[in-house]
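The values are calculated or read from the model by the stated rules, or taken from the named source; none is laboratory data. Keep in mind that what you see is a predicted model, and the values were worked out from it rather than measured. When we count neighbours, we look across all protein chains shown, and the Cβ atoms used for this are built from the backbone with ideal geometry, even at glycine.
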Amino acid sequence: MAIASMRDDVIVFRPEPSYTGGRRVSRPVILRRIDDSARGLTLLRRGEIDILDEVAPAHLPAELAKPGMAARFRGVVLTPARYDLLLLNARAIELSQPSLRRAVEAALPYYRLASVGPASLRADAVAPVDLEAPREVDLPALASAVDPRTVPAGLPPRPVNDDPARAVRAADLLDAAGWPRDRGQRRRGNAWLRLTLMWQGGGGRSADLAAGIRQGLSAVDVSVPYSTASWSYLRLLLRRGEFDMFMLSFGTHQDQDLYPMFHRRGALNFSGARSEELDAALERYRLAVTRADRDAAKLLVAQKLAAEHIALVLHAPARVGLYSRRLGELAFVDDLPRLDSLARQPDRASPWVPPAAIAQPPGESTPK
C-alpha cells in the first residue's frame, strides 16, 4: 500500500496495484493515533474506529465485561516477540556452572521487574521463543460472570508477588553450588562472588531494570557492579565474551531462527552456549518443512534454552486488542492484523466518513 496522506495523528494508506502481488486489495486503511485508552474505547463503541490495538491494563477485565461487548467485538490476546533479556556468559569462570546460573535466575525479582515502566501485561515466556499464537478472549464468559475478575477467560494472569520466596530458593541454590554466605558476602575460599552487569546505560526503563536485577541479587549477598558504555564498544566485548551478565532488548518475529545466537557454531553465540541437546533442537528447527514440525521444534528449543539458564527473559509484553465483528474474519502475522484482508460488511458500516481524497469502490467501507 502507498501513503495517501500523513499527519501527526492520522496516516492514510491507499492500495497500490503494483504491490499487491496479484491479490485484489481495494480498500484504503486509516491509522489513527489515540493515546488515551478510555477515549479509544469510546470511539470503538461509537463505531468510529474498527480496531483498538491495545486496551489499557487498568480497564481489564471490567470494560470487556460490559453489556454488548461480546456481540459487537472480539478480544484477542497478543504476545509479540519482544523481550527484555539478561544474557549470562557461560564462558565466564563462575557462570560456567549451570547450578550458579540457575541460582541467578531464581534471584531475579520478577514481580518488581514487571512493575518497571508503564503498566503492562506480561507474557508467560521462559525463553525468547514465540510459542503463543494470538488467542481470543472469552467475552461471553466475562459478560455472564458475577465478578469478571474471577474468570480467566483467556486473559494473561496478573503477576503474583513471589519475590521473597524466590530469594529463599536462590539462597539455597547458592549454598548448594558451593557459594555459602560469609559476613554478608558469598565466598568460596578466598574468592567472593561478584557478577558485573553490563548494558548500554542511560536512564528510564533500562536503569530501573538494572536496579531491580541488582536488588534481587544483593538480597542473596551477590555483589553486582555496573558497567555501561556505548553500543559499539559493548558489541566488541560481547563478541570477545568479556562479560558476566549483559542486559539487552531483543526484537524478533514469530518464526525466528535462533541458531546464530545459541548454537555452539552460531556467529552470534555471545553467551557461549555449548549444549548438544540445544544444538540438536536448533538443527531440527532448521530442517522442519511443515508448520507442525516447526512448532514442535520451537517448543523443544524453548525447553532446552530454558534449561541452560543463559538467556533469561526479564519481561515479555502481552496486550489485549479489540476488533469489531463487522470486519469479518481476522488474520494475524507476527501479532499484527493483515491489513490487506480487512473488510467491513457494507450493511453494518459506520457513519464515519473518510477523507474525500480517498476513492472507495461502491458498497465498501474503509477500515480504521
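Can you tell me which of (1) out of contact with any helix residue (DSSP H, G or I) (no Cβ under 6 Å at 6 or more places or on another chain); (2) within 23 Å of residue 310 (Cβ to Cβ); (3) of a type outside the set (Lys, Arg) is the one residue 170 doesn't meet?
So the condition that residue 170 fails would be (1).
With respect to residue 119, is the statement that it is in contact with a strand residue (DSSP E or B) (Cβ under 6 Å, 6 or more places away or on another chain) and part of a loop (DSSP other than H, G, I, E, B) true?
Judged against the criteria, residue 119 is not a match.
Conditions tested, residue by residue: (1) surrounded by fewer than 15 Cβ atoms within 10 Å (Cβ to Cβ); (2) modelled with pLDDT of 95 or more; (3) on the phi > 0 side of the Ramachandran plot; (4) part of a helix (DSSP H, G or I).
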site: 172; (1), (2), (3), (4): yes, yes, no, yes
site: 203; (1), (2), (3), (4): yes, no, no, no
site: 207; (1), (2), (3), (4): no, no, no, yes
site: 233; (1), (2), (3), (4): yes, no, no, yes
site: 236; (1), (2), (3), (4): yes, no, no, yes
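What pairs come up if the first residue lies in the stretch 218-231 and is on the phi > 0 side of the Ramachandran plot, the second is at pLDDT below 95, and their beta carbons are under 7 Å apart, counting only those six or more places apart or on different chains?
From the stretch 218-231, the pairs are 221/181; 221/184; 221/185; 221/186.
Of the residues 282, 278, 258, 287, only one is buried (at least 20 other Cβ atoms within 10 Å of the Cβ) and farther than 14 Å from residue 311 by Cα; which?
From the options 282, 278, 258, 287, the qualifying one is 282.
Cβ-Cβ below 9 Å, separation at least six or inter-chain, first residue in the stretch 104-116 and closer than 18 Å to residue 88 by Cα, second among the acidic types (Asp, Glu): which pairs?
So the pair list comes out as 106/172; 108/163; 109/163; 110/162; 110/163; 113/84; 113/208.
Pairs, please: C-beta under 6 Å, at least 6 apart or cross-chain, first residue at negative phi and in the stretch 238-251, second among the β-branched types (Val, Ile, Thr)?
Hits for this filter: 244/196.
I'd like the full set of residues that are in contact (Cβ under 8 Å) with a residue 60 or more places away in the chain and closer than 26 Å to residue 316 by Cα, limited to the stretch 62-72.
Residues satisfying the conditions are 62, 64, 65.
Among the residues of the stretch 209-223, how many are surrounded by fewer than 19 Cβ atoms within 10 Å (Cβ to Cβ) and not polar (S, T, N, Q)?
3
Would you point out which residue out of 108, 113, 139, 131 is assigned by TED's automatic domain parsing to the domain that holds residue 302, among the aliphatic types (A, V, I, L, M), under 17 Å from residue 250 (Cα atoms) and crowded, with 21+ Cβ neighbours inside 10 Å?
113
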